[in-house]
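For reference, the structure discussed in these notes is given below.
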DNA sequence: ATGAATGGTCTAATCGTGATACCATTAGCG
DNA sequence: CGCTAATGGTATCACGATTAGACCATTCAT
């Protein structure tokens with residue numbers, strides 16, 4: 001994003017198309033950032049945690065096992081663990097029955113949430129726009145391509161989430177919130193899988209990973225509306241109704257964004273309802 | 001995508017949600033593929049070529065300059081050049097006025113195209129679905145967020161493309177096809193830039209890169225319809241009409257896919273108009 | 001107390017990368 | 001023709017990342 005340099009181009013294009021300066025977003029060659037193996041390990045473990053494959057209290061496999069599974073040396077695994085430990089994602093315990101324990105993300109105080117969310121607003125807007133683009137298409141395509149096993153797994157997620165919401169008292173338990181979010185992720189990922197498009201699948205996984213940090217510190221209770229929306233999406237996909245599936249997904253995501261909006265500063269001058277148009 | 005291993009999870013989730021097997025797409029930890037720096041160089045140079053920043057006949061900057069710009073050693077640059085040379089993307093010439101010359105992609109014979117495209121059909125479908133999802137959203141958002149400079153650059157691209165199409169004789173010139181594709185890429189990238197969403201921007205760039213190999217060997221003449229469609233997209237974005245911009249983009253991409261379809265085997269049993277629903 | 005599991009530490013070898021100098025080839029020019 | 005400059009080709013040494021393996025230290029269950 002820094003340097004730029006138009007290549008030695010003896011055959012000047014502009015001979016033909018005249019004033020076609022344009023030359024798109026910047027030049028062609030920019031600096032390379034070498035990627036260490038331990039960084040890749042960090043990324044993969046983070047992704048697993050962010051997608052809910054490990055919830056707080058779970059332990060990662062022992063270092064030796066991680067090394068074997070990832071086909072890297074234990075040294076590299078340990079470097080990665082130092083990073084994750086430093087970022088507060090895991091806690092390292094020595095001795096038997098010890099291990100690499102996934103920590104709960106610190107919840108912010110009520111008065112901290114607003115200012116925190118304010119700083120995340122732009123990122124969240126981008127993420128949700130991207131989600132609407134890709135997940136609506138995912139739902140649309142899934143409606144005509146899903147197979148029985150995928151429908152079964154979607155149903156399984158819905159069942160699990162409903163169970164977690166059953167008693168009001170359980171809605172504020174941290175561990176349950178983590179489990180709910182894991183099932184929520186899984187539902188959306190199965191829909192993406194069912195759409196049979198690897199690019200869209202990757203996009204959905206990426207957004208879920210990207211959402212973790214911004215909203216992980218904020219959620220304190222489960223939203224019932226999510227269950228209803230998930231049911232609607234599921235029903236439309238099961239019925240093979242592509243338009244309905246897409247619209248149900250859109251409504252779900254828009255609603256989800258709005259419920260986040262309630263955690264933000266109440267229209268304090270900003271938020272001039274720009275682009276109030278339906279996305 | 002190979003190994004899997006559910007973490008040591010003493011706190012069994014299934015205690016609560018009962019038969020929630022699900023456990024989404026596979027396990028959590030898979031093998032790491034270390035990424036060498038020279039691979040990153042290869043990727044970036046490829047991307048620059050695929051996006052049309054360098055067209056056949058252009059020369060990349062000299063090795064020493066590339067090394068300086070990318071902040072890597074010449075050794076690493078040279079490793080990357082070996083790969084690009086091996087893949088037939090560049091030709092290395094020694095001596096003064098020599099350099100790293102971008103080669104034209106070999107065009108296939110008419111009788112080869114069908115079987116080649118047949119093998120690419122699935123990939124192309126995925127790419128185009130992903131494009132529709134993201135670029136329609138990009139156009140929609142761009143309609144309300146674009147600034148004057150972005151409009152100017154879009155217009156500049158349109159002008160350049162029209163100029164290239166002016167005389168029928170010039171439509172089959174290889175160099176012109178490359179220039180046309182570069183401007184086409186640039187137009188779509190500026191739209192993506194104007195949407196102000198970095199995720200969508202990245203998605204658009206990714207798809208254009210992904211399209212290069214499948215269709216690079218096939219195109220032999222320029223399509224006029226692209227110009228008309230581009231004009232329509234531009235007009236809608238200029239007018240701030242989000243719905244029209246999105247729809248114009250959709251039409252453009254769908255048409256583009258259909259014109260590719262004409263290069264494929266003519267419904268030889270396959271292509272049972274599944275998902276014939278409008279995407 | 002003992003043993004097993006697990007993280008912590010150390011060491012030697014290997015490989016990727018960087019830095020630098022110098023060689024070989026080629027085009028342009030006096 | 002012969003120089004010079006630009007550019008790719010080669011060689012060398014140094015350093016850091018990664019691997020492989022052994023061994024130490026801590027903790028819990030029995």
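Read the figures in this text as sums done on the coordinates, not as results from a lab. Not measured: the values here are computed from a predicted model. Cβ placement follows ideal geometry from the backbone for every residue including glycine, while neighbour counts extend to all protein chains displayed.
Could you list A:187, A:180 in order of exposure, starting from the residue whose Cβ has the fewest other Cβ atoms within 10 Å?
A:187, A:180
Listing B:106, B:255 from the residue with the fewest other Cβ atoms within 10 Å to the one with the most, what is the order? Numbers along the way, then the final one.
Values: B:106 9, B:255 15.
Going from least to most buried by this count: B:106, B:255.
Which FRET efficiency value, to the nearest 0.05, is calculated for residue B:78 and residue B:213 with the Förster distance at 35 angstrom and r the Cβ-Cβ distance?
0.90
Label residue A:225 and residue B:94 with points 7 Å out from Cα along Cα→Cβ: what is the distance between them in nm?
The answer from the label model is 7.0 nm.
Rounded to whole Å, give me the distance from the Cα center of the stretch A:51-85 to that of the stretch B:115-151.
After rounding, the separation between the Cα centres reads 38 Å.
Rounded to the nearest 0.05, what FRET efficiency is calculated for residue B:36 and residue A:258 with R0 set to 60 Å and r the Cβ-Cβ distance?
Calculated value: 0.85.
How many angstrom separate the Cα center of the stretch B:183-206 from the Cα center of the stretch A:27-50?
Cα centroid to Cα centroid, the span is 23 Å.
Can you give the log10 of the normalised intensity I(q)/I(0) at q = 0.21 Å⁻¹, computed with Debye over equal Cα scatterers of the stretch B:37-102?
Taking Cα atoms of the stretch B:37-102 as identical point scatterers yields -0.82.
With the Cα gyration tensor of the stretch A:126-194 giving a ≥ b ≥ c as the square roots of its eigenvalues, does the rule (a/c under 1.5 for rounded; else a/b larger than b/c for prolate; else oblate) give rounded, prolate or oblate?
Oblate, since a/c reaches 1.5 and b/c is not below a/b.
Let me know the mean shielding of B:127-139 by other chains, meaning the per-residue number of their Cβ atoms within 10 Å of its Cβ.
5
Run the simple label-point estimate for residue B:235 and residue A:167 please: 7 Å along Cα→C-beta, distance reported in nm.
According to this spin-label approximation, the distance is 6.4 nm.
Can you give the mean number of other chain Cβ atoms that lie within 10 Å of the Cβ atoms in peptide A:32-44?
Average neighbour count from other chains, rounded to a whole number: 4.
Which order do B:205, A:228 fall in if you start with the one that has the fewest other Cβ atoms within 10 Å?
A:228, B:205
Does a label point 7 Å from the Cα of residue A:109, set along Cα-to-beta-carbon, have any residues of the stretch A:190-224 with amide nitrogen under 20 Å, and which are they?
Residues A:216-221 fall inside that zone.
What is the average number of partner chain Cβ atoms found within 10 Å of a Cβ in A:196-202? Could you put the intermediate results ahead of the total?
Values: counts 5, 8, 5, 12, 6, 3, 3.
For this peptide, the per-residue mean of nearby foreign Cβ atoms is 6.
If R₀ is 45 angstrom, what is the calculated FRET efficiency for the pair residue B:148 and residue A:147, using the beta carbon separation as r and rounding to 0.05?
Efficiency at R0 = 45 Å is approximately 0.35.
Please compute the Kirkwood hydrodynamic radius of the stretch A:110-261 from all pairs of different C-alpha atoms, in Å with one decimal.
15.6 Å
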